[in-house]
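The values are calculated or read from the model by the stated rules, or taken from the named source; none is laboratory data. All values reported here derive from a predicted model rather than from experimental measurement. Positions of Cβ are generated from backbone atoms using ideal geometry, with glycine treated the same way; all protein chains shown enter the neighbour counts.
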Amino acid sequence: MTQRPIYLTEEGIRKYREELEFLRTVRRREVAEALRRAAEVGGTVDNAEYEAAKREQAQVEGRILELENLLKTATVIAPGQGGGVVRLGSIVVVEDQKGRRFTYQIVGSAEAEPAKGKISNESPIGQALLGLRPGDTANVRTPGGVVRLQVLEVR
(Lines give C-alpha, C1' and ligand atoms only; values in the text may rest on other atoms or scores of the structure.)
Protein backbone atom coordinates (compact mmCIF):
# COMPACT_ATOMS: atom_id res chain seq x y z
CA MET A 1 0.00 0.00 0.00
CA THR A 2 1.45 3.35 -1.06
CA GLN A 3 1.11 6.12 1.48
CA ARG A 4 -0.15 9.47 0.22
CA PRO A 5 2.42 12.25 0.46
CA ILE A 6 2.04 14.56 3.44
CA TYR A 7 2.53 18.22 2.58
CA LEU A 8 3.29 20.81 5.25
CA THR A 9 4.26 24.47 5.16
CA GLU A 10 7.22 25.70 7.23
CA GLU A 11 4.64 27.05 9.70
CA GLY A 12 3.01 23.60 9.92
CA ILE A 13 6.38 21.91 10.48
CA ARG A 14 7.13 24.38 13.28
CA LYS A 15 3.71 23.86 14.89
CA TYR A 16 4.05 20.06 14.89
CA ARG A 17 7.63 20.20 16.17
CA GLU A 18 6.50 22.42 19.07
CA GLU A 19 3.67 20.01 19.89
CA LEU A 20 6.07 17.05 19.78
CA GLU A 21 8.55 18.81 22.06
CA PHE A 22 5.77 19.67 24.53
CA LEU A 23 4.53 16.07 24.60
CA ARG A 24 8.03 14.68 25.10
CA THR A 25 9.16 17.13 27.78
CA VAL A 26 6.02 18.18 29.65
CA ARG A 27 3.09 15.79 29.07
CA ARG A 28 5.15 12.61 29.46
CA ARG A 29 6.38 13.83 32.84
CA GLU A 30 2.88 14.88 33.94
CA VAL A 31 1.39 11.52 32.97
CA ALA A 32 4.22 9.59 34.64
CA GLU A 33 3.61 11.58 37.83
CA ALA A 34 -0.14 10.87 37.65
CA LEU A 35 0.61 7.15 37.23
CA ARG A 36 2.99 7.19 40.18
CA ARG A 37 0.46 8.98 42.44
CA ALA A 38 -2.40 6.69 41.43
CA ALA A 39 -0.29 3.57 42.06
CA GLU A 40 0.78 4.87 45.50
CA VAL A 41 -2.77 5.66 46.54
CA GLY A 42 -4.59 2.57 45.36
CA GLY A 43 -2.19 0.15 43.74
CA THR A 44 -2.57 -0.92 40.15
CA VAL A 45 -5.46 -3.41 40.40
CA ASP A 46 -9.07 -2.16 40.24
CA ASN A 47 -7.88 1.45 40.44
CA ALA A 48 -9.88 3.76 38.16
CA GLU A 49 -7.44 6.65 38.56
CA TYR A 50 -4.53 4.41 37.59
CA GLU A 51 -6.44 3.04 34.56
CA ALA A 52 -7.28 6.58 33.44
CA ALA A 53 -3.62 7.59 33.71
CA LYS A 54 -2.60 4.51 31.69
CA ARG A 55 -5.09 5.48 28.96
CA GLU A 56 -3.70 9.02 28.96
CA GLN A 57 -0.16 7.64 28.71
CA ALA A 58 -1.18 5.52 25.70
CA GLN A 59 -2.75 8.55 24.02
CA VAL A 60 0.34 10.70 24.60
CA GLU A 61 2.70 8.00 23.33
CA GLY A 62 0.46 7.38 20.31
CA ARG A 63 0.43 11.07 19.43
CA ILE A 64 4.23 11.24 19.82
CA LEU A 65 4.62 8.35 17.36
CA GLU A 66 2.13 9.96 14.98
CA LEU A 67 3.98 13.30 15.04
CA GLU A 68 7.40 11.66 14.66
CA ASN A 69 6.16 9.80 11.57
CA LEU A 70 4.46 12.89 10.18
CA LEU A 71 7.60 15.00 10.53
CA LYS A 72 9.83 12.24 9.19
CA THR A 73 7.79 11.73 6.02
CA ALA A 74 6.45 15.23 5.32
CA THR A 75 7.29 17.14 2.18
CA VAL A 76 7.80 20.83 2.88
CA ILE A 77 5.88 23.12 0.57
CA ALA A 78 7.26 26.53 -0.14
CA PRO A 79 5.05 29.60 0.04
CA GLY A 80 3.54 30.62 -3.28
CA GLN A 81 6.40 31.41 -5.58
CA GLY A 82 4.62 33.76 -7.90
CA GLY A 83 4.25 32.70 -11.46
CA GLY A 84 0.57 33.45 -11.12
CA VAL A 85 -0.50 29.80 -10.95
CA VAL A 86 -2.33 28.30 -7.97
CA ARG A 87 -0.29 25.49 -6.43
CA LEU A 88 0.45 24.04 -2.99
CA GLY A 89 1.50 26.90 -0.73
CA SER A 90 -0.23 29.57 -2.81
CA ILE A 91 -2.46 32.19 -1.28
CA VAL A 92 -5.36 32.80 -3.62
CA VAL A 93 -8.09 35.43 -3.54
CA VAL A 94 -11.34 34.36 -5.18
CA GLU A 95 -14.78 35.86 -5.68
CA ASP A 96 -17.97 33.82 -5.76
CA GLN A 97 -21.05 34.45 -7.92
CA LYS A 98 -22.55 36.63 -5.15
CA GLY A 99 -19.55 38.97 -5.17
CA ARG A 100 -18.12 37.70 -1.86
CA ARG A 101 -14.33 37.51 -1.66
CA PHE A 102 -12.42 34.77 0.09
CA THR A 103 -8.70 34.33 0.68
CA TYR A 104 -7.38 30.79 0.90
CA GLN A 105 -3.98 29.24 1.36
CA ILE A 106 -3.65 25.88 -0.36
CA VAL A 107 -2.04 23.44 2.09
CA GLY A 108 -1.78 19.69 2.61
CA SER A 109 -4.61 17.87 4.37
CA ALA A 110 -2.64 17.50 7.64
CA GLU A 111 -2.53 21.27 7.99
CA ALA A 112 -5.98 22.28 6.70
CA GLU A 113 -8.02 24.64 8.89
CA PRO A 114 -10.87 25.94 6.74
CA ALA A 115 -12.06 28.36 9.43
CA LYS A 116 -8.64 30.04 9.17
CA GLY A 117 -8.60 30.06 5.37
CA LYS A 118 -6.22 27.10 5.05
CA ILE A 119 -7.81 24.62 2.67
CA SER A 120 -6.52 21.23 1.65
CA ASN A 121 -5.30 20.56 -1.85
CA GLU A 122 -7.56 17.48 -1.63
CA SER A 123 -10.74 19.42 -0.80
CA PRO A 124 -13.22 20.16 -3.60
CA ILE A 125 -12.30 23.86 -3.64
CA GLY A 126 -8.57 23.19 -3.32
CA GLN A 127 -8.63 20.67 -6.17
CA ALA A 128 -10.65 23.02 -8.38
CA LEU A 129 -8.27 25.96 -7.83
CA LEU A 130 -5.00 24.12 -8.46
CA GLY A 131 -3.46 25.17 -11.75
CA LEU A 132 -5.69 28.21 -12.25
CA ARG A 133 -4.48 31.78 -12.93
CA PRO A 134 -6.04 35.18 -12.20
CA GLY A 135 -9.12 35.59 -14.36
CA ASP A 136 -9.84 31.84 -14.51
CA THR A 137 -13.05 30.47 -13.04
CA ALA A 138 -13.91 27.16 -11.44
CA ASN A 139 -17.27 25.55 -10.85
CA VAL A 140 -16.94 23.64 -7.60
CA ARG A 141 -19.38 20.98 -6.45
CA THR A 142 -19.80 21.45 -2.70
CA PRO A 143 -22.26 19.92 -0.22
CA GLY A 144 -24.29 23.14 -0.58
CA GLY A 145 -24.39 22.94 -4.38
CA VAL A 146 -22.23 24.19 -7.22
CA VAL A 147 -20.24 27.35 -6.46
CA ARG A 148 -18.59 29.46 -9.16
CA LEU A 149 -15.27 30.97 -8.08
CA GLN A 150 -13.23 33.45 -10.06
CA VAL A 151 -9.54 33.73 -9.24
CA LEU A 152 -8.63 37.36 -8.60
CA GLU A 153 -5.10 37.08 -7.25
CA VAL A 154 -2.44 34.43 -6.66
CA ARG A 155 0.46 35.00 -4.27
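Residues are listed down the side, and each one gets a yes or a no for (1) polar (S, T, N, Q); (2) under 22 Å from the mean Cα position of the chain (by Cα); (3) modelled with pLDDT of 95 or more; (4) exposed (fewer than 15 other Cβ atoms within 10 Å of the Cβ):
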{"site": "69", "(1), (2), (3), (4)": "yes, yes, yes, yes"}
{"site": "74", "(1), (2), (3), (4)": "no, yes, yes, no"}
{"site": "81", "(1), (2), (3), (4)": "yes, yes, no, yes"}
{"site": "106", "(1), (2), (3), (4)": "no, yes, yes, no"}
{"site": "116", "(1), (2), (3), (4)": "no, yes, yes, yes"}
{"site": "119", "(1), (2), (3), (4)": "no, yes, yes, no"}
{"site": "137", "(1), (2), (3), (4)": "yes, no, yes, yes"}
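Flag: residue 93 matches the condition of being surrounded by 12 or more Cβ atoms within 10 Å (Cβ to Cβ), among the aliphatic types (A, V, I, L, M) and in the same structural domain as residue 138 (by TED's automatic domain parsing).
Against the numbered list (1) in contact (Cβ under 8 Å) with a residue 40 or more places away in the chain; (2) in contact with a strand residue (DSSP E or B) (Cβ under 6 Å, 6 or more places away or on another chain), residue 71 comes up short only at (2). Residue pairs whose Cβ atoms lie under 9 Å apart, separated by 6 or more positions or on different chains, with the first residue in region 11-30 and closer than 15 Å to residue 66 by Cβ and not assigned by TED's automatic domain parsing to the domain that holds residue 105 and the second of a type in the set (Asp, Glu) and surrounded by 16 or more Cβ atoms within 10 Å (Cβ to Cβ), are 12/111; 15/111; 16/111. In the set 26, 41, only one residue is part of a helix (DSSP H, G or I), exposed (fewer than 14 other Cβ atoms within 10 Å of the Cβ), of a type in the set (A, V, I, L, M) and at pLDDT below 95; that residue is 41. Applying a threshold of 7 Å to beta carbon distances and a minimum spacing of six or more residues, or different chains, the list of pairs starting in region 139-155 at a residue that is over 18 Å from residue 86 (Cβ atoms) and ending at one that is assigned to a strand (DSSP E or B) reads 146/139; 146/140.
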